[in-house]
1. Test residue 33 against the criterion of being in a helix (DSSP H, G or I) and at pLDDT below 95, and give yes or no.
2. Counting only residues that are touching a helix residue (DSSP H, G or I) at 6+ places or on another chain (Cβ under 6 Å) and farther than 12 Å from residue 76 by Cβ, which one in the stretch 31-56 is surrounded by the most Cβ atoms within 10 Å (Cβ to Cβ)?
3. Checking the structure you have, find out if any residue of the stretch 270-288 is touching a helix residue (DSSP H, G or I) at 6+ places or on another chain (Cβ under 7 Å), part of a loop (DSSP other than H, G, I, E, B) and surrounded by 14 or more Cβ atoms within 10 Å (Cβ to Cβ).
4. Quick check: is even one residue across the stretch 385-397 touching a strand residue (DSSP E or B) at 6+ places or on another chain (Cβ under 6 Å), modelled with pLDDT under 95 and closer than 15 Å to residue 211 by Cα?
5. Among the listed residues 42, 51, 46, identify the single one that is within 23 Å of the chain's Cα centre (by Cα) and over 13 Å from residue 88 (Cβ atoms).
6. Is it the case that residue 67 is closer than 23 Å to residue 222 by Cα, surrounded by fewer than 24 Cβ atoms within 10 Å (Cβ to Cβ) and more than 23 Å from the chain's Cα centre (by Cα)?
7. If you take the residues in the stretch 26-47 that are touching a residue at least 60 places away in the same chain (Cβ under 8 Å) and out of contact with any strand residue (DSSP E or B) (no Cβ under 9 Å at 6 or more places or on another chain), which one is nearest to residue 81 (Cα to Cα)?
8. Restricting attention to the stretch 48-79, report how many residues are free of Cβ contacts under 8 Å to residues at least 60 places away in the same chain and in a helix (DSSP H, G or I).
C-alpha cells in the first residue's frame, strides 16, 4: 500500500480550467497521484478549454467528452486503489480518428484521450495542413498560416494549451514539421521500434509536447511496450547503429556533462533552405554552444537528395531499385557521421509556415524525410520566432535507438530558452509561462555558416 494512502486528503474544490492550462503532463500526473486534483478535474478542464478555443483553432476532428470523463473516473479509482500510474489523469489528443489504436500503452499508463486531432483532408497532394471539426486547422501563432502536418491538430492543440501531450506519426516529417511551425517539441522515434501500419517502413510513431520532460515521460512509457516491461519491438533492419562512445545515451539528472559534439548542416548537401530559416536555426545552435550544451565540430554533410527515393517507395510501380541505391548510400554516409559525432543539427524545415492555399512548388519535407528513409530518431525543438511571427525549429538527429540523447539535449536547451506561448485565445490566463515574442527572438546572425546550396524547389 502507498504510504500516502494512510491519510486521506481533504476533498478539494475543482480547479478553474485555465489554472491547469499550462501544467505539464508530468506535473498533472503527480497532482493526480497525490490526489490534490482528480483525473476527472484535469480532463474536465481540458474539455472546457477545447470547447472554448477549438471553434477558432479546429485542432480536433472529434471530441470524446463522455468517454473521456468515464476513463478519468476509472483512473481516479485506480489511483485510490493504490496503483501507481506514471501519467495518471493526463488529457491527451490522439492523431486522427483511428489514433486510439496506437495509444494503448499511454492509456495503460493513465492517460485519458479526449479526442482525435486533425489530419489533412482529401483533395491535396501536400500534407502540411489539417481538417478539423470546425474547418481548416490554423496555426496558433498566425491564423492565416498552416500549422504543418500531417500531425496538424496535435501540434496546434499542444501549442495552444488544450492538452499537454498529443500523439503523432512521422512518415516524412509529419511530427517534426508541425512541431517546428507551432513552437513545440516533436519527437520521431527510431523507425521500427514502435508498431506502425505503414508497409513501406517509412513511418514512425512520435509525440508532440511543450517540454522535453513530457516527451521523455512518453518515451519511457511507449518504449516499455504494452505490458510496461518489454521493449515494444526491435529497430528496423536499417537501424543497426548503437550509441556513440563519445556521449552516453542518457544522463542522470543534475550530473555535470561535457558538451555533446555536434555537426551543423543548413542543407544536408542538397536542400534549398531559406537563408532566414537557416540563420534562425543556426542562432539556436550558437546559443546551445554558448551554454555548453553542444560543441560544434566542423564536418561536411553531403547526402543524396532522398526525395525521389521516398516517392518511389510510396508510389505503386515506383523504381524501388533506385530507391534502394539512394538509401544504401545515405545509410553509409550517416553511419560514418554518427561513428564520429553523436549529434547532427539542421533546420527542421527549409521554409517558414505557408498559407492555407498550399506550399506552392516547395517541399517542406526536404530536411526531414532523409531520416525516415534511414530510420534515425530525430526531434524538432523550438528555435525562436522568425520575422513572420511564426516559430522555427531546430532538428536534432542521433544514431538509432538514441532517443534518450535527443531528449537530454532538448531538456538542457529548455533551461536557457523562454517558453513559446502563442497569443491565440483572448482568454489567455495568468498561469501561462513567460512567453518569447518576435521582438526578442528574431535576431539572427548572417554569414557563411547559414548559407545553403541552391537546388530544385522543395514542397
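1. So residue 33 fails the test.
2. Among them, the one singled out is 49.
3. Within the stretch 270-288, none of the residues are touching a helix residue (DSSP H, G or I) at 6+ places or on another chain (Cβ under 7 Å), part of a loop (DSSP other than H, G, I, E, B) and surrounded by 14 or more Cβ atoms within 10 Å (Cβ to Cβ).
4. No, every residue in the stretch 385-397 fails to be touching a strand residue (DSSP E or B) at 6+ places or on another chain (Cβ under 6 Å), modelled with pLDDT under 95 and closer than 15 Å to residue 211 by Cα.
5. Testing whether each residue is within 23 Å of the chain's Cα centre (by Cα) and over 13 Å from residue 88 (Cβ atoms) leaves just 46.
6. yes
7. Within the stretch 26-47, the match that is nearest to residue 81 (Cα to Cα) is 32.
8. The qualifying residues number 17.
The values are calculated or read from the model by the stated rules, or taken from the named source; none is laboratory data. Small disclaimer: the values here were computed from a predicted structure and weren't measured. Because the Cβ atoms are built from the backbone with ideal geometry, glycine has one as well, and the counts that use them run over all protein chains shown.
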